[in-house]
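J.: I have a structure here, written as structure tokens, and I will follow up with some questions on it.
The values are calculated or read from the model by the stated rules, or taken from the named source; none is laboratory data. None of these values were measured; they are calculated from a predicted model. Quick reminder, even Gly has a Cβ in these numbers, built from the backbone with ideal geometry, and neighbours come from all protein chains shown.
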Amino acid sequence: MFASYIECAARGAEYVEFKIPTVLSHGDLQSGNIWINAQGDTIIYDWETNCRRSIWYDPATLLWKLHSDPFALDIHEMVQYDKRFSINDEEKDYSERQLNAIAWIIILENIAFYLTDILQLPSQFGKQSFQQLARKLHKHMEMRSADGS
């Protein structure tokens, strides 16, 4: 069942008509992993989940708090109206179809983040979060199917 949702998201990501810009991504960029010391230096901690991801993933994770409550918001709507996710992206001028594909890419990367967490952390750690993610993804997919996107 869950595989069909990933397949659907991957089909949505096919709308990207250009090479997806990737960077070395932190993966878990959130306020708890960003510290500022007494000298005013910014230090980013907790790089265990780093890998190459789209240029949009870390800003989306930080700005929209994706790891706090995945799919609490409509990522498709966020990429349409909150362009801050593309802060590092030189392109910035995407069509609606491309923005829809970018939303699916961010969703797939978030699924991969949770799967990696489950596989790398101690037994059963993260399983409940992933099950919650799967339920929310199911609801999200139903909503996206209903409106045809």
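J.: Which of the following residues is over 14 Å from Phe113 (Cα atoms), part of a loop (DSSP other than H, G, I, E, B) and in contact (Cβ under 8 Å) with a residue 40 or more places away in the chain: Asp93, Asp89?
T.: Checking each option against the conditions leaves just Asp89.
J.: Test each condition in (1) outside any strand (DSSP E or B); (2) surrounded by 13 or more Cβ atoms within 10 Å (Cβ to Cβ); (3) at pLDDT 85 or above for Gly32 and report the one that comes out false.
T.: (2)
J.: Also, quick follow-up: So which residues in the stretch 1-26 are part of a loop (DSSP other than H, G, I, E, B) and modelled with pLDDT under 90?
T.: If the condition is that a residue be part of a loop (DSSP other than H, G, I, E, B) and modelled with pLDDT under 90, then Met1, Glu14, Tyr15, Val16, Glu17, Phe18, Lys19, Ile20, Pro21 are the ones that fit.
J.: For the stretch 83-93, how many residues are under 18 Å from the mean Cα position of the chain (by Cα) and modelled with pLDDT of 85 or more?
T.: Residues in the stretch 83-93 being under 18 Å from the mean Cα position of the chain (by Cα) and modelled with pLDDT of 85 or more: 7 in total.
J.: Within the stretch 64-73, does at least one residue satisfy the condition of being touching a His at 6+ places or on another chain (Cβ under 8 Å), among the hydrophobic types (A, V, I, L, M, F, W, C) and surrounded by 12 or more Cβ atoms within 10 Å (Cβ to Cβ)?
T.: Yes: the stretch 64-73 contains one or more residues that are touching a His at 6+ places or on another chain (Cβ under 8 Å), among the hydrophobic types (A, V, I, L, M, F, W, C) and surrounded by 12 or more Cβ atoms within 10 Å (Cβ to Cβ).
J.: Filtering the stretch 99-134 down to residues that are of a type in the set (A, V, I, L, M) and free of Cβ contacts under 8 Å to residues at least 12 places away in the same chain, which residue is nearest to Tyr57 (Cα to Cα)?
T.: Ranking the candidates gives Ala112 first.
J.: When you check Arg52 against the structure, is it at negative phi, among the charged types (D, E, K, R) and touching a Leu at 6+ places or on another chain (Cβ under 9 Å), yes or no?
T.: Yes, satisfied.
J.: To continue, here is another question. Working only within the stretch 35-50, note down all residues that are touching a residue at least 60 places away in the same chain (Cβ under 8 Å) and outside any loop (DSSP other than H, G, I, E, B).
T.: Selection gives nothing.
J.: Could you please find all residues in the stretch 55-103 being out of contact with any Leu (no Cβ under 9 Å at 6 or more places or on another chain), among the aliphatic types (A, V, I, L, M) and closer than 22 Å to Lys19 by Cα?
T.: Across the stretch 55-103, the qualifying residues are Ile55, Leu99, Ala101, Ile102, Ala103.
J.: Of all the residues that make up the stretch 34-85, how many are under 28 Å from Glu142 (Cβ atoms) and among the small types (Gly, Ala, Ser)?
T.: 4
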